[in-house]
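Asker: Take this structure, written in C-alpha cells, and hold onto it; I'll ask about it next.
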Amino acid sequence: MTLHNRVRRFSAIVAASAVFAFSSPAFSQDVTDSHLKAARAAVEAIHATDSFDNILPNAAAALESQLIQKNPDLQELISKTIAEKAMALAARRADLEKEASLAYAKVFSEKELTDIATFYSSDAGKKLLDNGPNVTRELVKAADIWQNGIARDLAQQVGETLAAAAKAKAPAAPAADATAPADGAAAPADGAAPADGTAPADDSQN
C-alpha cells in the first residue's frame, strides 16, 4: 500500500467513523472553533476526502444508464433531471467535510493539526503526496529483489550446513585386515619352501 493511499485510507476511515460516532451535538460542543478550523485545514491539506469525489457522479451516471435503458424515449428528460438533481445534492459535500474535520479534531490536538496542515501545505508535503506512489512502487520492486535474494541465500546456507552435518555423521569405512592375503596374491605351490627357508620334509622315506 502506498503512502499516498495510506494517508487517504486513514482519512476515509476517520471520516466514515465520524458519521457514526462523532456527529452528536455533545461532541460538537467539545470542539472549539479554532480547533475545528485547524482540523479543516489539515483535511484540506492532505486531501482527506478526495477519495469520495466520484461518489455522486458515479451514482448519477449509473442511475442515468439504468433509467435510459428502461425508458429510451425519455433519454433527454432523464439526463436533464439527473444533472439538475445531482448539482443540487453536490452542496451536501460540505457535510462530509464537516464530519471529517470533527473526526480529526477528536483524534488530534489543535497543534498537531496545525503541524499536519503546515507540512502537507509545504512544497515537501505536496511532493510527498504527489510522488509517494512512484517512490513506493520502486520500493516494492527493490523489496521483491531483496526478498528473493534473502530466501535464496538462506536456503543455500542451510543446505550446506545440513550436508556437512550429514557427512560428519556418516560411519567410517572399515580398515583392511593385515593378516589376510592381499587380493590377487598367489598361494604357495605344493613343495615350495616355506618362508623361513627350511626344506620340506621327504615323505618317500617313511
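The values are calculated or read from the model by the stated rules, or taken from the named source; none is laboratory data. Predicted model, so just to flag it, every value in this text is computed and none were measured. Methodologically, a virtual Cβ is constructed for each residue, glycine included, from the backbone with ideal geometry; neighbour enumeration extends over all protein chains shown. Protein only, heavy atoms only, side chains kept; ligands, DNA and RNA dropped before computing areas. Shrake-Rupley method; radii C 1.70, N 1.55, O 1.52, S 1.80 Å.
Yes/no matrix, rows are residues, columns are (1) farther than 30 Å from Leu63 by Cβ; (2) more than 26 Å from the chain's Cα centre (by Cα); (3) at pLDDT 95 or above:
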position: Thr81; (1), (2), (3): no, yes, yes
position: Lys85; (1), (2), (3): no, yes, yes
position: Arg92; (1), (2), (3): no, yes, no
position: Ala105; (1), (2), (3): yes, yes, yes
position: Leu113; (1), (2), (3): yes, yes, yes
position: Thr118; (1), (2), (3): yes, yes, yes
position: Leu129; (1), (2), (3): yes, no, no
position: Pro133; (1), (2), (3): yes, no, no
position: Glu138; (1), (2), (3): yes, no, yes
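Asker: It is to be established whether one or more residues within segment 99-112 are closer than 19 Å to Thr49 by Cβ, among the polar types (S, T, N, Q) and in contact with a helix residue (DSSP H, G or I) (Cβ under 7 Å, 6 or more places away or on another chain).
Answerer: There is at least one residue in segment 99-112 that is closer than 19 Å to Thr49 by Cβ, among the polar types (S, T, N, Q) and in contact with a helix residue (DSSP H, G or I) (Cβ under 7 Å, 6 or more places away or on another chain).
Asker: Keeping to segment 90-139, report how many residues are assigned to a helix (DSSP H, G or I), among the polar types (S, T, N, Q) and open to solvent by 40 Å² or more (accessible area, probe 1.4 Å).
Answerer: Narrowing segment 90-139 to residues assigned to a helix (DSSP H, G or I): 90-107, 110-121, 123-139.
With the extra rule that they be among the polar types (S, T, N, Q), the set shrinks to 101, 114, 118, 121, 131, 134, 136.
Those left that are additionally open to solvent by 40 Å² or more (accessible area, probe 1.4 Å): 114, 118, 121, 131, 134.
Residues flagged as assigned to a helix (DSSP H, G or I), among the polar types (S, T, N, Q) and open to solvent by 40 Å² or more (accessible area, probe 1.4 Å) within segment 90-139 amount to 5.
Asker: What residue, among those in segment 38-69 that are assigned to a loop (DSSP other than H, G, I, E, B) and in contact with a helix residue (DSSP H, G or I) (Cβ under 6 Å, 6 or more places away or on another chain), is surrounded by the fewest Cβ atoms within 10 Å (Cβ to Cβ)? Full working, then the answer.
Answerer: Step one: list which residues in segment 38-69 are assigned to a loop (DSSP other than H, G, I, E, B), which gives 46-49, 53-54.
With the extra rule that they be in contact with a helix residue (DSSP H, G or I) (Cβ under 6 Å, 6 or more places away or on another chain), the set shrinks to 46, 48-49.
Values: Ile46: 22, Ala48: 25, Thr49: 19.
By that ranking, first place goes to Thr49.
Asker: Pairs, please: C-beta under 7 Å, at least 6 apart or cross-chain, first residue under 21 Å from Ala90 (Cα atoms) and in segment 60-71, second modelled with pLDDT of 95 or more and surrounded by 17 or more Cβ atoms within 10 Å (Cβ to Cβ)?
Answerer: That search, which allows pairs on different chains as well, returns Ala60/Ile82; Leu63/Ile82; Glu64/Ile78; Glu64/Ile82; Leu67/Ile78.
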